[in-house]
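The values are calculated or read from the model by the stated rules, or taken from the named source; none is laboratory data. Remember, predicted model here, so these are calculated numbers, not experimental data. Neighbour counts run over all protein chains shown; Cβ positions are idealised from the backbone, glycine included.
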């Protein structure tokens, strides 16, 4: 039976896993830790977690995709210009650090991260160091066996916390990028809902006039080698006008107010986060109109 502190850390680690397969490996890696009589329990845990990290990075940062990023292209060009033949030979080699960098920031440059308040220097040093330690214990030798229970538990918790920190870092970058593009997303949503006909609004009245657009949630759904992909959710406020202008003057028309949720998908080039492009939408949910949720003016 593991102490509650260790159990909580393992539970958090499992929550960080991207799929069932990775969760299965972690669960299998933890079981030997519960057996105090198993002298290589830490080694088996180290092997399982190291392989889980390898799988996670392979899925999140395929080599062919990493090679397409502007920052990798720049590094590769620099290596190819080296006078060292061995460096030139390995110019297109994708390292573990490259994969971690891509998983965290996609094609965004370090300068872009700095501009939005993130410091990329040393961002992955702790996990890189911990992976090296995992490799040491995964290759069992006379000097790589942890026998003392207390040391085993400390090792397990330290490793788990570094993986959790890496996943949290990925989330943090997405959150900061979402904040950085929010103003541009709001502007694009304004244009999309006021300057074009929008299915779901125009059908509601003779003249549907948008009075306000409020983007309430900006979520970065992914960052690849070329684009930051964003989903925006918000509310559009409208005046629903029935009848012509002359009908209104003769008091024969009607005017009501409504508000409806909308969603949009947008993207920004990694080279310029402010250059927002519409992918699809806006899609307006006008269900409440047909349920009678409107306000008379």
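The table below lists the values:
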| item | result |
| --- | --- |
| Residue, modelled with the highest pLDDT, within segment 197-209, restricted to residues that are surrounded by 13 or more Cβ atoms within 10 Å (Cβ to Cβ) and part of a loop (DSSP other than H, G, I, E, B) | 201 |
| Meets criteria (crowded, with 19+ Cβ neighbours inside 10 Å, in contact with a helix residue (DSSP H, G or I) (Cβ under 9 Å, 6 or more places away or on another chain) and within 20 Å of residue 165 (Cβ to Cβ)) for residue 55 | no |
| Hey, residue 146 surrounded by 20 or more Cβ atoms within 10 Å (Cβ to Cβ), at pLDDT below 90 and assigned by TED's automatic domain parsing to the domain that holds residue 96 or not | yes |
| Members of segment 153-212 found to be under 26 Å from residue 130 (Cα atoms) and more than 15 Å from the chain's Cα centre (by Cα), listed by number | 153, 154, 155, 156, 157, 158, 159, 160, 161, 162, 163 |
| Qualifying residue in segment 183-196 (condition: in contact (Cβ under 8 Å) with a residue 24 or more places away in the chain, in a helix (DSSP H, G or I), touching a helix residue (DSSP H, G or I) at 6+ places or on another chain (Cβ under 9 Å) and not assigned by TED's automatic domain parsing to the domain that holds residue 97) | yes |
| Test: residue in segment 66-76 that is farther than 23 Å from residue 122 by Cβ and either touching a residue at least 12 places away in the same chain (Cβ under 8 Å) or not in a helix (DSSP H, G or I) (or both) | yes |
| Set 66, 9, 75: member being more than 15 Å from residue 138 (Cα to Cα), within 31 Å of the chain's Cα centre (by Cα), surrounded by 14 or more Cβ atoms within 10 Å (Cβ to Cβ) and at pLDDT below 95 | 75 |
| Subset tally (residues that are free of Cβ contacts under 8 Å to residues at least 24 places away in the same chain and outside any helix (DSSP H, G or I)) for segment 20-54 | 3 |
| Qualifying helices (runs of 4 or more DSSP H) (wholly inside segment 83-158; at least 2 residues being touching a residue at least 12 places away in the same chain (Cβ under 8 Å)) | 96-105, 110-115, 125-138 |
| Filtered residues of segment 108-132 (kept if in contact with a helix residue (DSSP H, G or I) (Cβ under 6 Å, 6 or more places away or on another chain) and under 15 Å from residue 224 (Cβ atoms)) | 109 |
